[in-house]
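Beneath this line is the structure, given in structure tokens, with notes to follow.
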Amino acid sequence: MKIRTIITGMAGRMGRQVASALAHESDIQLVGGVDLKMQNITFGTGEAECRFKVTTDLPALMAKTHPNVLVDFTHPASVMDNVRIALENGVRCVVGTTGLSAVHFDEIRSLCQTNKIGAVVAPNFAIGAVLLMKFAEIASRHFASAEIIEMHHDKKVDAPSGTALKTAEFMRHSHPTAREEIAVSLESQPARGEEVGVTRIHSVRLPGLVAHHEVIFGRPGETLTIRHDSLSRESFLPGVVIAVREVMKLDHAVFGLDVLLDI
Ligand code: NAD
């Protein structure tokens, strides 16, 4: 039995690439796509080539195609509507859209519990980015101070990035006490970034960038820099494919690809 999958945000930068990647997987069948921009889209090459008429009506598409999994790469303002419709109708979710809050995470957890199905929510599906978060967690045990710089393309709508927030969360768990020794009031210096947990995050948005994260640790006499660069959106695709397969085995919500990879 193939995993019947639909994509919300199919006409977007990520949606198109995810569609193409899924079209090449023999155990996954892409059965439809939703986007606010209604379009005909062709994905894949050779025998895997398939053509889709992207629709704007998610409930109608679900009724017609009976999907097992919905993959969402849309917008922070849209994602929860899609996830609610899917989970309440017994369709598992793989959520790549970022900008969700703790309240949204709680709601997804509860919807999965009520409907006894799985969801995977990950701010970054690149394997290297997952490793960066874990390395930062380890380094955080040994360094009293750190700051995160995240750099993305200029079309990204949320800041700080979900990956930077998740990295800060990992760092707070491994070293939960506030550690910055700064003499002046930070409120008077917005250039010092946003305080999240025990670290500060600086967000850069420029054309030409894709997704880049740098965690700089400092202690007397030394610094440690951990950096990950997504040079193209191809970096996210293997993680999405893993999540589509793994979400079929889950009866609860999982937050982060690290849980599935056992990193
Ligand atoms: P994009 O703007 O290129 O694409 C988003 C698409 O979603 C658009 O085509 C838009 O029309 C569509 N859309 C918006 N609301 C919709 C709705 N209600 N129903 C259906 N379609 C809708 O954006 P993008 O660069 O593809 O990024 C999408 C999201 O994915 C962002 O939140 C981004 O931060 C995130 N992202 C996550 C990862 C990851 O690894 N988790 C990687 C890259 C991007």
Quiz item: Tell me, how many Å apart are the Cα centres for the range 85-114 and for the range 141-165?
Solution: 23
Self-check item: Per residue, in Å², the accessible surface of the range 7-70 once ligands and nucleic acids are set aside, probe 1.4 Å
Solution: 50
Quiz item: Extent of the chain along each principal axis, from alpha carbon coordinates, in Å, largest to smallest?
Solution: 62, 40, 32
Quiz item: Picking from 109, 205, 192, which is most flexible by a Gaussian network model of the chain using Cα springs under 10 Å?
Solution: 192
Exercise. Amide H neighbours of residue 196 under 5 Å, at least 5 residues apart or on other chains, H built in the peptide plane: list them.
Key: 201
Self-check item: Rg/Rh for the range 106-243, where both radii come from Cα atoms and Rh is the Kirkwood radius
Solution: 1.00
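Only helical DSSP H runs with n ≥ 4 go in: add -39500 (n - 2.57) per run for the chain, normalise by residue count and round the 222 nm mean residue ellipticity to 500 deg cm²/dmol.
Working: 8 runs with 86 residues, N = 263.
Rounded to the nearest 500, it is -10000 deg cm²/dmol.
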Quiz item: What residues have an amide H closer than 5 Å to that of residue 145, excluding those fewer than 5 places away on the same chain, when H is modeled at 1.01 Å from N in the peptide plane?
Solution: 218
Quiz prompt | FRET E, pair residue 57, residue 103, Förster distance 30 Å, beta-carbon r, rounded to 0.05 | solution = 0.65
Exercise. Write down, largest first, the equivalent ellipsoid semi-axes of the range 29-166 in whole Å, where each equals the square root of 5 times an eigenvalue of the alpha-carbon gyration tensor.
Key: 31, 19, 14
Quiz prompt | Paramagnetic label zone (point 7 Å from Cα along Cα-to-C-beta, residue 177; backbone N under 16 Å) in the range 142-157 | solution = 142-146
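Which GluC sites (Glu not before Pro) does the range 191-244 hold that lie in a coil by DSSP with at most 15 other beta carbons within 10 Å? Could the numbers behind the result be given before it?
Working: sites: 194, 195, 214, 222, 234; in loops: none.
Loop-located and lightly packed - none at all.
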Exercise. Per residue of the range 135-150, in order, report the coupling 6.51 cos²θ - 1.76 cosθ + 1.60 (Karplus, θ = phi - 60°) as ³J(HN,Hα) in whole Hz, putting x for Gly and Pro.
Key: 4, 5, 4, 5, 4, 4, 5, 10, 10, 7, 9, 7, 9, 10, 10, 10
Exercise. May I ask which residue of 189, 224, 56 lies farthest towards the positive end of the charge dipole of the chain, with charges of +1 (Lys, Arg) and -1 (Asp, Glu) on Cβ and the Cα centre as origin?
Key: 56
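Determine how many Å³ per residue the convex hull of the Cα atoms of the range 1-91 encloses. Display every interim value, and only then the final one.
Working: hull volume 7.5 nm³, N = 91.
In the range 1-91, the Cα hull volume divided by residue count equals 83 Å³.
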Exercise. Name the aspartates and glutamates eligible as straight-distance cross-link partners of residue 2: C-alpha to C-alpha under 15 Å, and not fewer than 8 places from it in the same chain.
Key: 25, 27, 246
Quiz item: Across bins of 10 angstrom width beginning at 0, how are the C-alpha pair distances of the range 7-57 distributed, in whole percent?
Solution: 29, 58, 12
Quiz item: Using the Karplus equation 6.51 cos²θ - 1.76 cosθ + 1.60 (θ = phi - 60°), what ³J(HN,Hα) coupling, rounded to whole Hz, does each residue of the range 206-219 give in order, writing x for Gly and Pro?
Solution: 8, x, x, 7, 10, 8, 9, 10, 9, 10, 10, 9, x, 8
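Which entries in 134/155; 116/249; 37/155; 37/156 show an alpha-carbon gap greater than 21 Å? Spell out each step's value before the answer.
Values: 134/155 27 Å; 116/249 11 Å; 37/155 17 Å; 37/156 18 Å.
134/155, as the Cα separations exceed 21 Å there.
The values are calculated or read from the model by the stated rules, or taken from the named source; none is laboratory data. Bear in mind the structure is a predicted one, so any value in this text is a computation, not a measurement. Backbone-built Cβ (ideal geometry, glycine too); neighbour counts: all protein chains shown. Protein only, heavy atoms only, side chains kept; ligands, DNA and RNA dropped before computing areas. Shrake-Rupley method; radii C 1.70, N 1.55, O 1.52, S 1.80 Å.
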